[in-house]
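Have a look at the structure below, then the notes.
Readers should treat all values here as calculations from the given coordinates under stated rules, not as data from a laboratory. Just so it is clear, the structure is predicted and the values come from calculations on it, not from any experiment. As a convention, Cβ positions derive from the backbone with ideal geometry for all residues, glycine included, and neighbour counts pool all protein chains shown.
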């Protein structure tokens, strides 16, 4: 079992790298066709998606986890919290995308199908399986949920502050938001609607994180 998860923790990050690069190359081609001249700004936009950032974080954590499985029987506490964070973010990403965003064209441009499925379906499912079954996990303290919510909070503030300051060269607007539900310009009640969506997503993140903590405290991972 340990060898299996070492291999998976290498293969899944490789798939993430391929998916991110594949989508970026596709997006750059889309921007070029649209006559975009400042590609650098659009690359920053691309990297500002919660999905992209959480997938990259997941890949880093999994690679660290693969190395830890080689020489340790139990995860160090800092790595447990890192695993808790990425499984929470990826489960939230999967739920939000498949409930709210599937089928909606997003501002990164033409969506690369296989890349999209890896980042929104495959990786969230694998992170959940890894959390439940991979060796090394110990019970996580309930107060770790406060660490989990730091990154989504900072990302939300960054997105809402940056949004009205960025010119969207692709669609010709003087604002840019990664997801429609965060864009007050397209929501029926502006920032009030955005606030409702953000509260709902915060609740999903909190529930996912608390569920992951509960799983760590009620069922031990397979250790052989």
Stretchable slack from residue 47 to residue 1, in nm (0.36 nm times residue separation minus alpha-carbon distance):
13.1 nm
Residues 110, 156 in order from fewest to most other beta-carbon atoms within 10 Å are 110, 156
Across the alpha-carbon set of the chain, Rg over Rh with Rh taken as the Kirkwood radius works out to 1.00
Kindly rank 53-66, 6-19, 192-205 from highest to lowest mean number of other beta carbons found within 10 Å of each residue.
53-66, 6-19, 192-205
Footprinting proxy, 89, 126: sorted fewest to most Cβ within 10 Å, the residues are 126, 89
Helix-only [θ]222 nm of the chain, DSSP H runs n ≥ 4, -39500 (n - 2.57) each, per residue, nearest 500
-21500 deg cm²/dmol
Principal axes of region 9-136: Cα extent on each, largest first, Å
54, 28, 21
Fewest-first sequence of 33, 168, 130 by Cβ atoms within 10 Å of each Cβ:
33, 168, 130
